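J.: Attaching a single structure in structure tokens format; questions to follow.
Just so it is clear, none of the values below were taken in a lab; they were calculated from the coordinates. Remember, it's a predicted structure, so these values are computed and weren't measured experimentally. Please note: Cβ atoms are built from the backbone with ideal geometry, for glycine as well, and neighbour counts cover all protein chains shown.
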């Protein structure tokens, strides 16, 4: 399964909202850095009930949204 996450960095609070089938909007209260992928994976893991080890980052799509693969 493929999950698309639209990222918003430097938000006032951290949250993850579902806005469609396998599409999420993530708000993170800090700028983008190398730990951002791991934080989003842990948020997705809690949201969809899958262990973090089953979620991998595939890359960015043409809209600059983050794409994750769930095994």
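J.: Quick one: what does P(r) look like for the chain with 10 Å bins over all Cα pairs, in whole %?
T.: Using 10 Å bins, I get a P(r) of 20, 61, 19, 0 for the chain.
J.: What angle, in degrees between 0 and 90 and rounded to the nearest 10, separates the Cα long axis of helix 36-48 from the longest principal axis of the Cα atoms of the chain?
T.: Long axis of 36-48 versus the principal axis of the chain: about 60 degrees.
J.: Taking every DSSP beta bridge with both residues inside the chain, roughly what % is antiparallel (nearest 5)?
T.: Among the beta bridges of the chain, antiparallel pairing accounts for roughly 75 percent.
J.: Arranged by the count of other C-beta atoms within 10 angstrom, fewest first, what order do 21, 8 take?
T.: The order, fewest Cβ neighbours first, is 21, 8.
J.: Fewest first, what order do 57, 68, 30, 19 take by the number of other Cβ atoms within 10 Å?
T.: Ordered by Cβ neighbours within 10 Å, fewest first: 19, 30, 57, 68.
J.: Right, something else. Do the sum for the chain: with -39,500 (n - 2.57) for every DSSP H run of n ≥ 4, divided by all residues, what is the mean residue ellipticity at 222 nm, to the nearest 500 deg cm²/dmol?
T.: The per-residue figure over the chain is -6000 deg cm²/dmol.
J.: Let me ask something additional. Rank the residues 7, 1 as a footprinting-exposure proxy: fewest other Cβ atoms within 10 Å of their Cβ go first.
T.: Taking fewest neighbouring Cβ atoms as first place, the list is 1, 7.
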